[in-house]
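Enquirer: So that we are looking at the same thing, I have put the structure below in structure tokens.
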């Protein structure tokens, strides 16, 4: 029987790669819904090819989308109002969360409450409300299989193992664009230089977060929530080759690692076909060409954002929500050349330290904290 897939964020890199996986196994998957905030041209192209029952775009593009699709068979919806409905459709089996930002939170919750398999590539929802999301998943029997390569690696290394035998999780990081750049030069770095990632072409926001290692800090919090870990059970390891996507060490000293060529189709396909493993069509990992792999500790003095993220992970409660919101605005200010690179951390740290911690916030409190953090950050900026 085919699995019915809804892709929230189908025109971004994760959405496009998800459709490539589906193309390889059209006999196993059926596309029910496609949504996008941007690139309506590509959304139309995708809708014509996959003929989903639902597509969703921004309110301003809905009328144009209806005309261009010219078909009563496809229902055109709003990404601003209908994502939760799409995520909980009875006919959907798997919801791929490929959209960015905190807007993914409510459709994520809806999918979990409908008992779906949810494949998130979105960090923000788990960072700001991970405890609530995991509780809802348990309550409604939903399954979360992460698409993010590091979280997928941890998921795979934990599979079939006894959790009480776990010692620590080793979360790998390539090191970002500034791994070999002296800290003394950070303040003179331009937006263009920061956006030149040595390995991957990513969105501007995540590229900046990768440069500061804040992105890895978010992954620490994400892993903490996904796998019910304590902050001190997670260690970040700089691994420039990015061949080991993460590792898990057990109390007998055994370390399990997930290695693969760097291609997002692999973790995406694993999430869609789980528990089966099918041929991806990707190149095999050639150990003879690799020759050597390198590892080092992150320098927390050069990259204080990672240290701050660990502090936030240990405190928990409403603090991760504050970290996410203020980082978003600080990065935006840097990208718009309103503040220097090193000032991002100063802004984020001040708002995090100013916040009065709520230990077990509910959803309404999370949303209120998010708003508070944004208002305070705007004032400071």
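Values quoted throughout were computed directly from the atomic coordinates according to the rules given, and no laboratory measurement underlies them. Since the structure is predicted, the reported quantities are computational estimates derived from the model, not experimental observations. Note that each Cβ is placed from the backbone with ideal geometry, even for glycine, and that neighbours are counted across all protein chains shown.
Enquirer: For the pair residue 302 and residue 140, how long in nm is the line joining their label points, each one 7 Å along Cα→Cβ?
Expert: My value for the distance between the label points is 4.4 nm.
Enquirer: Sort 321, 77, 157 by Cβ crowding within 10 Å, fewest neighbours at the top.
Expert: Going from sparsest to densest Cβ surroundings: 77, 157, 321.
Enquirer: Could you tell me the calculated FRET efficiency between residue 185 and residue 23, based on Cβ-Cβ distance and R0 = 41 angstrom, to the nearest 0.05? Provide the component values of the computation, followed by the final result.
Expert: Working: r = 44 Å, r/R0 = 1.07.
With a Förster radius of 41 Å, E is 0.40.
Enquirer: If R₀ is 30 angstrom, what is the calculated FRET efficiency for the pair residue 359 and residue 381, using the beta carbon separation as r and rounding to 0.05?
Expert: Numbers: r = 28 Å, r/R0 = 0.95.
The calculated FRET efficiency here is 0.60.
Enquirer: For the chain, with a Gaussian network of springs between Cα atoms less than 10 Å apart, report the residue from 290, 259, 42 with the top mean-square fluctuation.
Expert: Judging by the Gaussian network model, the answer is 290.
Enquirer: Let me have the relative contact order for the chain, percent, based on Cα pairs under 8 Å that are six or more residues apart.
Expert: Relative contact order of the chain: 14 percent.
Enquirer: Counting only C-alpha contacts under 8 Å and six or more residues apart, can you give the relative contact order of the stretch 297-381 as a whole percent?
Expert: Working: 70 pairs, mean separation 32.7, N = 85.
Answer for the stretch 297-381 is 39 percent.
Enquirer: Which of 247, 344 comes first, and how do the rest follow, when ranked by fewest Cβ neighbours within 10 Å?
Expert: 247, 344
Enquirer: Of the listed peptides 235-245, 326-336, 269-279, 92-102, what is their order by residue-averaged count of other C-beta atoms within 10 Å, with the highest listed first?
Expert: Peptide ranking by packing, descending: 92-102, 326-336, 235-245, 269-279.
Enquirer: To continue, here is another question. Compute a Gaussian network model of the chain, connecting alpha carbons closer than 10 Å, and tell me which residue from 322, 44, 55 fluctuates the most.
Expert: Looking only at 322, 44, 55, the largest GNM fluctuation is found for 44.
Enquirer: Please give the Cα centre distance for the stretch 245-317 versus the stretch 181-244, rounded to the nearest Å.
Expert: 13
Enquirer: Of 173, 103, 125, which has the largest mean-square fluctuation in a 10 Å C-alpha GNM of the chain?
Expert: Top of the fluctuation ranking is 103.
Enquirer: To continue, here is another question. Stretched out fully, how many nm does the piece from residue 287 to residue 165 gain, at 0.36 nm a residue minus the Cα gap?
Expert: Additional length available on full extension: 40.9 nm.
Enquirer: Let me ask you something else. With an 8 Å cut-off on Cα pairs and a minimum separation of 6 or more residues, tell me the relative contact order of the stretch 214-305 in percent.
Expert: It comes to 31 percent, rounded to a whole number.
Enquirer: In deg cm²/dmol, rounded to 500, what helix-only [θ] at 222 nm does the chain give when every DSSP H run of at least 4 residues adds -39500 (n - 2.57) and the total is split over its residues?
Expert: My calculation for the chain gives -13500 deg cm²/dmol from helical runs alone.
Enquirer: If neighbour count is taken as other Cβ atoms inside 10 Å, put 280, 18 in order from fewest to most.
Expert: Starting with the residue having the fewest Cβ neighbours, the order is 280, 18.
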